[in-house]
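Structure record follows, encoded as C-alpha cells.
The values are calculated or read from the model by the stated rules, or taken from the named source; none is laboratory data. In this text, all values refer to a predicted model and were calculated from it rather than measured experimentally. Here the Cβ positions follow ideal geometry from the backbone for every residue, glycine too, while neighbour counts run over all protein chains shown.
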Amino acid sequence: MKKLLRKIFLADLLEGLWVTFRNQDPKYIVTEQYPFARPKVGERYRGAPRLNTNPENGETLCISCDLCALACPENLIVVGWERNAQTKRKELVNFTYDTSRCMFCGLCEDACPVDCLELTQDFELANYSRDGAIWDRQMLEEGPKPARYKF
Amino acid sequence: MAETYLDSTELVLNMGPQHPSTHGVLRVIVKLDGEKVLGTDCVIGYLHRGVEKIAENRTYTQFAPYVDRMDYVASVSNGLGYCLAVEKLLGVEATPRAQVVRVILTELNRIASHLLWLGTHALDIGAITPLFYCMREREYVLNILEKYCGARLTTHAFRIGGLQYETYEGFEQECLAFCDMFLPKADEYEELLTGNRIWVERMRGVGILSAADCKAYGVTGPMIRAAGEKWDLRKAQPYSGYQNYDFDIPTGEFGDNFDRYLVRMEEMRQSVRIVRQAVAALPAGPIMAKVPKVIKPPVGEVYVSIEAPKGELGYYIVSDGSTQPYRVRVRPPSFVNLQALDKMAKGCLVADLVAIIGTTDIVLGEVDR
Ligand code: SF4
Ligand code: SF4
C-alpha cells in the first residue's frame, strides 16, 4: 500500500528534486569566473617554465650543466653554451624549451642543481603558432605575458 | 512490395568512435535485430600512443610520467603500480612514511575516479544533476593533489623508492576535512539515484555477468565484486602496507549494472575509512629510500599488480641490466574488462548497451595505451 502511494505521488522523484533544490544555496557555487578572476593555483603547481636570474645583477643562475636536458624524457631542452676563453667557465648562450612537447612532469626541475630552471604558477601557455610554443632564453627569463582583459 | 519495406534482416550499426556515451574513442559495431542487440564487436586503437614501446627508449625514471597518461582519471594508481614494480626489481622498499602517503593519495584518487564514473554514467542514463555534484566533490580531491604534487590529473606524484615531495602544511587536515564533507555527499547521491525508479529500472537485471564468467574473461575490480566474488588485491596480496588498514570489501549479489553501481558507492565509503586510518597513522621519517641516482636494476623480470579503481592493474617489466627497460607490458583493467562487453550485451536493447559500457568503467587511454 505504502509502495503504491509512493508510486502515485512520485515520491522518489520528489526526493531527488528536493536534493536539487537544497543545492541552490549560494554556498555550494564553486564555478570559477575565469578570466574575470584568475584562479590561484597551488604553490607547487607545475606550469610555465622559467629560468631564474640573480635578483641583484640580473645574471642567469644557469651553470650550463645540461642536466635538465638529460633528465627530460622528451628531449625538448637544448642548452647552448660557450666556454669563455678567459675565465675557462661555461657561459650560457641560448636555451630553448619546446612547451608544445612538454608534459610538465617536473623531472627537469628536479634535476637542476642550482634552482635555475623552475616550473612556475603561470598556466596560460596558449599562443598563435607552433613556433610560438618554442621558448628561447629571453622568454624563459621574462616569463609569459598573457593578455589581461579589462571588462 | 511489403516485404522489402518491412525487411527483417539484421542491421549493422556503428556506435562511436565519437559517440558521447562510449567515454572516449571506442567504436562498437553493433548487430541489431530491431532494438535488440545480437552481438557487439569492439574496435579499439584510436588512442594508441605506444606507451609500452616508448618505455624501451626511456630510462626507468623517465618513463614514470608516461604511465599517468594511461588511466588519466586515476593516474596516482598507475604511478603506484609502476613504482612498486621497479622497486621490486631493484629490491628496495619505500620508507614507511612514503607508503602511508601513497595509500592516502591512491585512495583519494580512487574516490575521484569513482566520482567521475558516477557522474558520467548517470549522464548516460539521463540524470544530469549528479554529474555536477560529482564534479564539485572531485574538485576537492584534485585540489589536494594539486597542492601536493603540482598537477591535477597527470600527477607524477611518486618516484621510484618513495616520494619526491614532502606533504604540504595542512595536508592531514585537508584530507580529513574532505572525508567529513564527503560522506554526507555520498548519501546525497544515493538519495538522488538509488531510490529513483528510472535509475533502478534501467540498471536492475541489465548486463548480468556471473562470477564464473568474470573469472573466464579475467574481469576484475568492482565488476567481479558485484558478481559476489570477494576479490580485492588490497586484501588478497597486500602492497604498500594495505594489510594495516581495516576495511571491508563490498560485494554485490547479481552482477548486474545496479550491483556494480552499489559496489562502487560502497567502495568510496571504504576508501574514506582507509584515508582516515592512514592519516591517523602517518609516521614521521624520510620519504625517500636509498636508491641510486642512476637506476640500473639487475637482470630479471617482475610482475606486480595492484588494485586500481577499475580492477587489477599489472606491470610486467623485463630488465636486461641497462638503464632502460627491455620490455614493459601493462595489464590494464579496462582493456580486459571490455572483453566481456559482448557477453553482457547480447540480448539487451541498444539503450542498455550504453548503460553496460558505462558500468564497465572504461578509460580509453588505458584500453589503447
Ligand atoms: S617538465 Fe618534463 S617533459 Fe617538460 S621539459 Fe621538464 S622534464 Fe621535459
Ligand atoms: S640543469 Fe639548471 S643549471 Fe643545468 S643547464 Fe639546466 S637550467 Fe642550467
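Remarks
- Flag for B:Val291 being more than 30 Å from B:Asp180 (Cα to Cα), without any contact (Cβ under 8 Å) to a residue 40 or more places away in the chain and surrounded by fewer than 20 Cβ atoms within 10 Å (Cβ to Cβ): no
- The criterion of being of a type in the set (Val, Ile, Thr) and more than 10 Å from chain B (Cβ to nearest Cβ) holds for A:Val79.
- Pairs, first small (Gly, Ala, Ser) in the range A:97-125, second within 13 Å of ligand 2 (Cβ to nearest atom), C-beta under 8 Å, six or more apart: A:Gly106/A:Leu119; A:Ala111/A:Leu67; A:Ala111/A:Cys68; A:Ala111/A:Leu70; A:Ala111/A:Ala71
- Among (1) more than 19 Å from B:Asp368 (Cα to Cα); (2) at pLDDT 85 or above - the single one B:Val291 does not satisfy: (2)
- Condition check for B:Arg234: in contact (Cβ under 8 Å) with a residue 24 or more places away in the chain, charged (D, E, K, R) and more than 18 Å from B:Leu105 (Cβ to Cβ): no
- Close pairs from the range A:1-28: first within 16 Å of B:Asp187 (Cα to Cα), partner at pLDDT below 75 and assigned to a helix (DSSP H, G or I), Cβ under 8 Å, at least 6 apart: A:Asp12/A:Arg6
- Considering only residues in the range B:173-184 that are in contact (Cβ under 8 Å) with a residue 40 or more places away in the chain and buried (at least 16 other Cβ atoms within 10 Å of the Cβ), the one that is nearest to A:Arg6 (Cα to Cα) turns out to be B:Phe182.
- When the range A:44-102 is filtered for residues that are within 13 Å of ligand 1 (Cβ to nearest atom) and polar (S, T, N, Q), the ones remaining, listed by number, are A:Asn75, A:Thr96, A:Thr99, A:Ser100.
- Qualifying residue in the range A:47-63 (condition: closer than 30 Å to B:Cys134 by Cα and within 11 Å of another protein chain (Cβ to nearest Cβ)): yes
- The range A:104-124, residues that are within 14 Å of chain B (Cβ to nearest Cβ) and either in contact with a strand residue (DSSP E or B) (Cβ under 6 Å, 6 or more places away or on another chain) or within 12 Å of ligand 1 (Cβ to nearest atom) (or both): A:Phe104, A:Cys105, A:Gly106, A:Leu107, A:Cys108, A:Glu109, A:Asp110, A:Ala111, A:Cys112, A:Glu118, A:Leu119, A:Thr120
- Of the residues making up the range A:16-27, those that are under 14 Å from B:Ala127 (Cα atoms), within 8 Å of another protein chain (Cβ to nearest Cβ) and modelled with pLDDT of 75 or more are A:Val19, A:Thr20.
- Any hit, the range A:133-149, residues being assigned to a loop (DSSP other than H, G, I, E, B), surrounded by fewer than 18 Cβ atoms within 10 Å (Cβ to Cβ) and touching a Leu at 6+ places or on another chain (Cβ under 7 Å): no
- Among the residues of the range A:36-53, those that are of a type outside the set (D, E, K, R) and either in contact with a Cys (Cβ under 9 Å, 6 or more places away or on another chain) or surrounded by 10 or more Cβ atoms within 10 Å (Cβ to Cβ) (or both) comprise A:Val41, A:Gly42, A:Tyr45, A:Gly47, A:Ala48, A:Pro49, A:Leu51, A:Asn52, A:Thr53.
- Some residue of the range A:68-79 being polar (S, T, N, Q) and within 12 Å of ligand 2 (Cβ to nearest atom): no
- Residue tally, condition within 9 Å of ligand 2 (Cβ to nearest atom) and in contact (Cβ under 8 Å) with a residue 24 or more places away in the chain, over the range A:53-67: 7
- Checking B:Thr129 against (1) buried (at least 21 other Cβ atoms within 10 Å of the Cβ); (2) at the interface with chain A (Cβ under 8 Å from one of its Cβ atoms); (3) touching a residue at least 40 places away in the same chain (Cβ under 8 Å), the condition it does not meet: (1)
- Residue in the range A:84-103 that is farthest from the other protein chains (Cβ to nearest Cβ), counting only those that are surrounded by 12 or more Cβ atoms within 10 Å (Cβ to Cβ) and among the charged types (D, E, K, R): A:Glu91
- Selection from the range B:206-227 of residues that are touching an Asp or Glu at 6+ places or on another chain (Cβ under 9 Å) and surrounded by fewer than 24 Cβ atoms within 10 Å (Cβ to Cβ): B:Val206, B:Ile208, B:Ala211, B:Lys215, B:Gly218
- When the criteria are applied in full, B:Gly300 meets the requirement of being at positive phi and either in contact with a helix residue (DSSP H, G or I) (Cβ under 7 Å, 6 or more places away or on another chain) or of a type outside the set (Lys, Arg) (or both).
- In the set (1) outside any strand (DSSP E or B); (2) within 21 Å of B:Cys149 (Cβ to Cβ); (3) away from ligand 1 (no atom under 11 Å from the Cβ), the condition left unmet by A:Asn127 is number (2).
- Single residue of the range A:1-31 satisfying the filter (in a loop (DSSP other than H, G, I, E, B) and surrounded by 11 or more Cβ atoms within 10 Å (Cβ to Cβ)) that is farthest from the chain's Cα centre (by Cα): A:Leu10
- Qualifying residue in the range B:82-104 (condition: away from chain A (no Cβ under 14 Å), hydroxyl-bearing (Ser, Thr, Tyr) and buried (at least 22 other Cβ atoms within 10 Å of the Cβ)): no
- Boolean, B:Ile362 is assigned to a strand (DSSP E or B) and at pLDDT 85 or above: no
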